[in-house]
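Okay, structure first, notes after.
The values are calculated or read from the model by the stated rules, or taken from the named source; none is laboratory data. These numbers come from a predicted model, not from an experiment. We place every Cβ from the backbone using ideal geometry, glycine too, and count neighbours over all the protein chains shown.
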Amino acid sequence: MTIPRFLDHLILGASDLDRGIAWVEERAGVRAALGGVHPGRGTRNALLSLGPQCYLEILAPDPQQQTLAWFRNLPQLSEPRLVGWMLHPGDLTALAERLRHSEIACDGPRENSRQRPDGRTLRWKLLRVDDQAGLLPVLIEWSPGSPHPAEDAPGGCSLLEFEVFAPDPERVHLVLRLVGGDLSVARGDRPRIRARIAGPKGMVELISGDAPE
């Protein structure tokens with residue numbers, strides 16, 4: 001399967017949010033809308049929809065916050081790169097118990113929130129699986145009453161393909177199966193993720209790492 005059934009969103013990192021928005025708009029033909037800031041995390045984002053329950057998050061440092069607590073490589077990116085992806089597999093508390101029972105190290109679930117420009121507050125939980133290679137998804141559970149960002153983010157784009165490459169695909173695939181990631185993992189000489197999205201201007205390839213192969 002090329003697109004995981006429970007895929008929630010892709011995270012496209014950028015050193016500057018305005019430049020990230022322009023980069024995507026120039027290639028895809030859709031301008032992402034400002035989403036909000038992540039207090040205490042040091043980041044802010046912009047969003048565009050990739051379907052009914054899937055979206056692209058453009059993530060960049062927030063100049064109003066002094067400390068970047070996650071995705072600390074964002075300021076060093078010379079151009080936008082995929083830095084992560086998220087699945088929404090359901091009850092994260094129960095999933096965390098299953099992972100620990102399988103001796104898979106994980107952190108969470110932890111509560112998170114951000115305020116949208118319209119004043120509404122989005123709330124969710126995150127569960128992070130131990131992942132040295134940067135290939136595994138972060139797991140998300142949206143709180144009841146929180147609208148999913150894909151519902152009103154700018155549309156016009158769709159996700160065509162999503163791929164994960166790993167030197168040891170068997171281990172990555174094993175963990176993905178435990179978290180609901182129904183995705184084949186291809187063997188590659190280095191860890192990377194790649195996505196292709198279609199927009200009014202054509203197909204855009206998004207890739208992790210410092211430079212595309």
Determine, yes or no, whether Leu99 is closer than 21 Å to Glu205 by Cα and not aromatic (Phe, Trp, Tyr).
-> no
For region 54-67, pairs from a residue that is touching a residue at least 24 places away in the same chain (Cβ under 8 Å) and within 13 Å of Arg19 (Cβ to Cβ) to a residue that is surrounded by 16 or more Cβ atoms within 10 Å (Cβ to Cβ) and among the charged types (D, E, K, R), with Cβ under 9 Å and 6 or more apart or across chains, are Leu59/Arg44; Ala60/Asp16; Ala60/Arg44; Pro61/Asp16; Pro61/Arg44
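Conditions tested, residue by residue: (1) aromatic (Phe, Trp, Tyr); (2) over 28 Å from Ser49 (Cβ atoms); (3) surrounded by fewer than 16 Cβ atoms within 10 Å (Cβ to Cβ); (4) at pLDDT 85 or above.
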{"position": "Pro89", "(1), (2), (3), (4)": "no, no, no, yes"}
{"position": "Ala96", "(1), (2), (3), (4)": "no, yes, no, yes"}
{"position": "Asp107", "(1), (2), (3), (4)": "no, yes, yes, yes"}
{"position": "Arg171", "(1), (2), (3), (4)": "no, yes, yes, no"}
Among the candidates Arg116, Arg120, residue that is farther than 18 Å from Met86 by Cα, exposed (fewer than 13 other Cβ atoms within 10 Å of the Cβ) and at pLDDT below 90 = Arg120
Note on region 142-183: residues touching a helix residue (DSSP H, G or I) at 6+ places or on another chain (Cβ under 7 Å) and more than 23 Å from Val30 (Cβ to Cβ) are Val164, Ala166, Leu178, Val179, Leu183
Within region 20-40, residues assigned to a helix (DSSP H, G or I) and surrounded by 15 or more Cβ atoms within 10 Å (Cβ to Cβ) come out as Gly20, Ile21, Ala22, Trp23, Val24, Glu25, Arg27, Ala28
Output the strands (runs of 3 or more DSSP E) that fall wholly within region 101-213 and possess 2 or more residues being within 24 Å of Ala14 (Cβ to Cβ), or say none.
-> 106-115, 121-129, 138-142, 158-166, 192-199, 202-207
Give just the number: which of (1) surrounded by fewer than 20 Cβ atoms within 10 Å (Cβ to Cβ); (2) touching a Ser or Thr at 6+ places or on another chain (Cβ under 9 Å) does Pro144 not satisfy?
-> (2)
Could you please tell me which pairs satisfy a Cβ distance under 9 Å, a separation of 6+ or placement on different chains, a first residue in region 121-148 that is on the phi > 0 side of the Ramachandran plot, and a second residue that is part of a strand (DSSP E or B) and among the small types (Gly, Ala, Ser)?
-> Gly134/Gly84; Gly134/Ser208
